[in-house]
Protein chains: 4
Amino acid sequence: MASTRRRFLLKAAAIGGAAIGSSTKWKFTRTYSSTVTAAEVTGSTSALQNQERRVPTQPEVEEWYTDRRNWARWGSDDQRGAINLITPDKRMAAAASVRSGRTVSLSRVFEPTQQFIRKNDRGRGGQAGSVVDYYGFIYHGQTVTHIDALCHMWDVDGMWQGRDPSIEIDTQGAHFGDITAWSDGIITRGVLLDVPGYRGEPFVTTDRPVHGWELEDIARAEGVDLQPGDALMVHSGRGAFEQAGNTFGGGDRPGLHVSCAKFIRDHDVALLGWDMMDARPNDYGLPFPVHGVLFNYGVALLDNALLEPLAVACAEESRYEFMFMALPLKVARGTGSPANPIAMF
Amino acid sequence: MASTRRRFLLKAAAIGGAAIGSSTKWKFTRTYSSTVTAAEVTGSTSALQNQERRVPTQPEVEEWYTDRRNWARWGSDDQRGAINLITPDKRMAAAASVRSGRTVSLSRVFEPTQQFIRKNDRGRGGQAGSVVDYYGFIYHGQTVTHIDALCHMWDVDGMWQGRDPSIEIDTQGAHFGDITAWSDGIITRGVLLDVPGYRGEPFVTTDRPVHGWELEDIARAEGVDLQPGDALMVHSGRGAFEQAGNTFGGGDRPGLHVSCAKFIRDHDVALLGWDMMDARPNDYGLPFPVHGVLFNYGVALLDNALLEPLAVACAEESRYEFMFMALPLKVARGTGSPANPIAMF
Amino acid sequence: MASTRRRFLLKAAAIGGAAIGSSTKWKFTRTYSSTVTAAEVTGSTSALQNQERRVPTQPEVEEWYTDRRNWARWGSDDQRGAINLITPDKRMAAAASVRSGRTVSLSRVFEPTQQFIRKNDRGRGGQAGSVVDYYGFIYHGQTVTHIDALCHMWDVDGMWQGRDPSIEIDTQGAHFGDITAWSDGIITRGVLLDVPGYRGEPFVTTDRPVHGWELEDIARAEGVDLQPGDALMVHSGRGAFEQAGNTFGGGDRPGLHVSCAKFIRDHDVALLGWDMMDARPNDYGLPFPVHGVLFNYGVALLDNALLEPLAVACAEESRYEFMFMALPLKVARGTGSPANPIAMF
Amino acid sequence: MASTRRRFLLKAAAIGGAAIGSSTKWKFTRTYSSTVTAAEVTGSTSALQNQERRVPTQPEVEEWYTDRRNWARWGSDDQRGAINLITPDKRMAAAASVRSGRTVSLSRVFEPTQQFIRKNDRGRGGQAGSVVDYYGFIYHGQTVTHIDALCHMWDVDGMWQGRDPSIEIDTQGAHFGDITAWSDGIITRGVLLDVPGYRGEPFVTTDRPVHGWELEDIARAEGVDLQPGDALMVHSGRGAFEQAGNTFGGGDRPGLHVSCAKFIRDHDVALLGWDMMDARPNDYGLPFPVHGVLFNYGVALLDNALLEPLAVACAEESRYEFMFMALPLKVARGTGSPANPIAMF
């Protein structure tokens, strides 16, 4: 396993570096060697793990989302959810892990739907002046890089902590689980699991969603262990997917299988960042297969992250962990926030 | 000097801690002992420094803003300005300075002018659902915590790099010096200069603006040295000012004297954060006395920062330096970004 | 009575015309002769009418708003309310009443809260182009001239037709009684009742709200009879009120007494236009004293109308009736519409 | 000619009425008999007219838009343009033409891009309340029914009156030729020219744009004469076009040929309303072939009008003239206004 890992990383770095040098379309270049296959890596998995390498049954999935909920885990009025797992020590350790000072933005370019300019002339004969702009947008959806607050979604059993959305949410906004719960910033250890790099394919396809056990495999291949309070980035190759002419969105779509929810809960992940989302369709009748980590586990979601540059950087740095910083705007009663998270190596 | 500093800091910490314990209005409680006066500290200043302890002449001020401009310092097409001073090593050192993992938000609560909710029912009989919100706002001005991009202001000589705003800015936004220049985040060493703490008064008053030499005195009293690439926070007590019934804004206002611009340039500050802004009126006919650091020096501005909690934290931690993180949204052609900067100790 | 009326109108016209000529502040000039007093006019009222000349009791008011509701009057699913009273014949008669072709706008200048410009260059070397603007606004309130749809308000008994607002209104808008019910336009006979002109005072004051019986008196003085389907404009002198330094809005305010609701119902008014609104406080514990005509009688409301120019025109034309046109935007699910109604003489 | 007209109208009415009765898709049903062909009608045209029945040359077109401009026709500072042709007498005549009181909305359903709801509870235990909504939109474009102000477009020679858009328009809006010039309403005689009805085809196609001489033919067939100050509605069958699966918009599109501009100028039309716009491409290199009536002739434009119901009504009423009312919002510095114009028969 150790040697596999080393070989894997060295190849990744070599390919990643070459990619940068040889192509202007660096964002969509594969950063992993295709000679490192799932078969190679998973060859070392134990029998126990192999047993889990199957699609879960409906009762199993429902059990994950009912019996294993984190409601009341940090007190029944808690609004921070799994972000509670990010302790001061956890933040210190994240800062202490910095080695090169290299920073990578995880945000796509943000084009507010309303973006308007107002110029103001002032002073010396109108030659001094300033310009302000108006931004107006719905950031939720499948375009803008943003963080979902715990109040953003719910199912038949309610929103985070089992609260009733018809009471907690009105036309003034969310009165429980809003984005200000995380106003002190989400600063923790970040880990990237690079699915295209691992698979040796440019992007995840609709017919082969990412399963929880594959995340285990990738972590093992990358030599990283998920720890409580981590910010988990799952790269699925959305940039390459779109560049290939596909549209990410409405109907069926590639992404993460509901079994990833178990992975997230098993490892006590605090924040999930992804470029693709939960795969559709799902066979369990769940309205929000992986998005359900939000209201069931209290896990923050970073939607529409830009992860290709991070994959390149991880390969070049030969490290799949980094200091993760996401600083959501302190919007009163807000259901989330656009964000420009940064990974620092 | 050393003993003065120690006594100053110990007292500050004691008062700061007491303030937290004794008052629910902690935001506006003095965190400095009034027994540490400017006289005590400045008694140790040299003759040279005393010479500078006077209001500058018009030619001096104009010289600061013409001869000492940073245009072309990092290349004539550079759009990052003084943020270039924040090198990977500078970021690494900031991360390495973290000792407790304590985080403090520097953002005021953000209430977008347009904040609207849309609920969507989905799945199982309408009992599953989600909520999204629309944010619409002009963040520039004197309310929202935000970062000004270099394109935000200009004077008779032009905007950053001497560019012509009538060419670089149109109704689509800014085509030079926009906020995306800083998309990799502004992560550096932060330093707080706490004027109310130093003066032993709750807030800066209109009749006594903050001068550059006073910033030198405060830094000395706090035992910090400003270094190139630092993010400088100047706390003027705006919260206490407003709590006392004053309105910060339109006409005359307390704040920083143009002589602070010299301080900023002398120390190669990369980002200036403040709760008050440049004092009005100014005697030099300048349209933007301290705001001029933007287009003359390429210094990022963090307007309307919330600095009282930071002052409390600095006093409690007995440290006036910290890791500073501001991650502006990656808004294409944007003239700035609302932000929730974080200080981590 | 006939001679009183004639004298009244002649004086009004004379004064009105003089006012136009002698003052640039024409909007706030009295258009009525102060020598025509309430006493003169009401001297001719009958004993019966005098009995009604008193403040109603609580049970009386509640009876107006329960027993005399128009719910189901035009069918229990009807969404047009009293606008049904405007028949094709009514519209024809309104058109037939036009004598001079003079038009008067009843709209205040509209400054959308968000009003932004985007210029687009095109064609021949950028010298051809166009400009578009973005308007964003909440028009309800006390500033923008607008029409309230029947869904806009409700009380403990429900909204128009007794419907339940928690069912009919969600974050997508109103699904019953929305503004599209009136998409074919509100075109009918208009009548102006000019209170300042009648009282010989520049504006209605807080201590003397307009009562229903005063509206009867004014109609009589002006020589107009209210008829079913009419658009009733009640001018209270808001322009002069504000020009005198008063603020119309938050707390107590001058305007119409709840007894005007009875007047509106007695005469089967289809639309009520006003510059002031319902007087505050009211002694009946009603949430919406006169605004209640909306959900109880199905009467359209034209809020914040500009009525001073109309008062001038009526005086000059010696006619207090005109063709009234209000064409609300056809906003799907909208709770109302900004409007620029026109009176044509 | 007289007999042709009579037969044409009778058939139209018969077909139109039948269409209403037999189809729920009434909007897109042909209202004209296909047996009335262009050949039948134009058979009676004179030799002179036949000479004009050809595509104009480039110099001719340019001559229309330079030599025949209306700049300074109503004074060099005039901002009302051809709306000046609508005199009080013209309005009186329009009102006098009303015969049935039937009204038809010319507006498509309006869905503001931003349409948000805010509910407010008040009074009696939260059971009384109100709801307001926010509308935000750019109404220019090819969707919303709206009126273009004279400032909306320009070419190399400038905007209306030859003014310079770089001076008259800034980020605050338009300072000349804005929509408030028409705040007294556009109330005049309206005329519908129904191209699909005339052609016996459901909609105008890209390969056969509407020419000016065809408008002459249609007017003759319908028995209407265009007169100065008229509001001209040209129906091209956009609803049927879209229902057939076509998209109206970006590239090539059916609509009016530049030769219609001559028709408009010849007849001193005050307002042009249409459902399709100017056909693309045009062979003259004009940036705005028919839209140019705006800045050259001062003609108001009503874009994206809903004209199918009007065509039905005209056929049923056997009248192609009506009272036209468009009441643009009084938006300060606005470049236009959404509108719900009404035709009254």
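Once you reduce the range B:65-85 and the range B:265-327 to the center of their Cα atoms, the two points are 18 Å from each other. Cross-link partners of B:Lys119 among aspartates and glutamates, defined as those whose alpha carbon lies under 14 angstrom from its own and excluding same-chain residues fewer than eight positions apart: A:Asp155, A:Asp164, A:Glu168, A:Asp170, B:Asp133, C:Asp170.
Accessible-area loss of 50 Å² or more (1.4 Å probe, protein heavy atoms, chain alone versus all protein chains) is found in the range D:139-155 for D:Trp154.
Taking the DSSP beta bridges in the range B:114-250 as the whole, what percent of them are antiparallel, to the nearest 5?
Values: 12 of 17 bridges.
Percent antiparallel among DSSP bridges in the range B:114-250 is about 70.
By definition, a body whose alpha carbon gyration tensor gives a ≥ b ≥ c is prolate when a/c is 1.5 or more and a/b is larger than b/c, and the range B:217-283 fits this prolate description.
Here's the picture: charge each Lys and Arg Cβ at +1 and each Asp and Glu Cβ at -1 in the range D:232-345, and of D:Ser318, D:Phe288, D:Pro341 the one pushed furthest to the positive end of that dipole is D:Phe288. With label points set 7 Å from Cα along Cα→Cβ, the inter-copy distances at D:Gly249 are 1.1, 4.0, 4.1 nm, sorted shortest first. Overall shape: oblate for the range C:129-216, with the ratio a/c of the largest to smallest alpha carbon gyration tensor axis at 1.5 or above and b/c at least equal to a/b. Inter-chain Cβ neighbour count for C:179-187, averaged per residue, equals 5 (cutoff 10 Å, partner chain atoms only).
Note on C:169-175: average number of Cβ atoms from other chains within 10 Å of each residue's Cβ is 6.
For the range A:204-263, the Cβ-based charge dipole about the Cα centre amounts to some 160 debye (Lys, Arg positive; Asp, Glu negative; other atoms uncharged). Ignoring ligands, DNA and RNA, what percent of the accessible area of the range A:272-345 is carbon or sulfur (1.4 Å)? Of all accessible area on the range A:272-345, carbon and sulfur atoms account for 46 percent. Here's the picture: charge each Lys and Arg Cβ at +1 and each Asp and Glu Cβ at -1 in the range A:60-125, and of A:Tyr65, A:Asn84, A:Pro112 the one pushed furthest to the positive end of that dipole is A:Pro112.
Solvent-accessible surface of the range A:242-345, averaged per residue with a 1.4 angstrom probe and all protein chains in place: 19 square angstrom. Taking amide H as placed 1.01 Å from N in the peptide plane, the amide H of D:Gly190 sits under 5 Å from that of D:Ala231, D:Phe322, D:Met323, D:Phe324, each at least 5 places away or on another chain.
Each peptide in C:324-330, C:112-118 was scored by the mean count of other Cβ atoms within 10 Å over its residues; highest first, the order is C:324-330, C:112-118.
Shown for C:Gly75: label points 7 Å from Cα along the beta-carbon vector, and their distances to the equivalent points in the other copies, 5.1, 5.8, 7.2 nm in ascending order.
One residue of chain B places its C-beta nearer than any other to the axis carrying B onto D; that residue and its whole-Å distance are B:Phe116, 2.
Solvent-accessible area per residue in the range C:105-174 equals 32 Å², computed with a 1.4 angstrom probe and all protein chains kept. I'd like to know which of A:Ile187, A:Ala244, A:Val224 lies farthest towards the positive end of the charge dipole of the range A:179-292, counting +1 on Cβ of Lys and Arg and -1 on Cβ of Asp and Glu. Result: A:Ala244.
Projecting 7 Å from Cα along the Cα-to-Cβ direction, the label point of C:Glu60 sits 7.7, 7.8, 7.9 nm from its equivalents in the other copies, listed shortest first. The charge dipole of the range B:228-297, taken about the Cα centre with unit charges on the Cβ atoms of Lys, Arg (+1) and Asp, Glu (-1), comes to about 80 debye, rounded to the nearest 20.
Both chains summed, the buried accessible area for C and D stands near 6800 Å², from protein heavy atoms and a 1.4 Å probe.
For the peptide D:93-103, the mean number of other protein chain Cβ atoms found within 10 angstrom of a residue's Cβ is 6. Summing Cβ point charges (Lys, Arg +1; Asp, Glu -1) relative to the Cα centre of the range A:255-340 gives a dipole of roughly 400 debye.
Rounded, prolate or oblate: pick one for the range A:225-345, where a ≥ b ≥ c are the square roots of the eigenvalues of its C-alpha gyration tensor, a/c under 1.5 means rounded, and failing that, prolate if a/b is larger than b/c, else oblate. Verdict is rounded for the range A:225-345.
The string of couplings for the range D:300-307 from the Karplus curve (6.51, -1.76, 1.60, θ = phi - 60°) is 5, 10, 10, 8, 6, 5, 9, 10 Hz, one whole number per residue in order, with x for Gly and Pro.
What number, in percent, do you get for the relative contact order of the range D:53-150 if the mean sequence gap of Cα pairs under 8 Å and at least 6 apart is divided by its residue count?
Reported as a whole number, the value is 19 percent.
The values are calculated or read from the model by the stated rules, or taken from the named source; none is laboratory data. Fair warning: this is a prediction, and the values are worked out from it, not measured in the lab. Virtual Cβ from ideal backbone geometry, glycine too; neighbours counted across all protein chains shown. These accessible areas exclude ligands, DNA and RNA; they are computed on the full protein's heavy atoms, side chains included. Shrake-Rupley method; radii C 1.70, N 1.55, O 1.52, S 1.80 Å.
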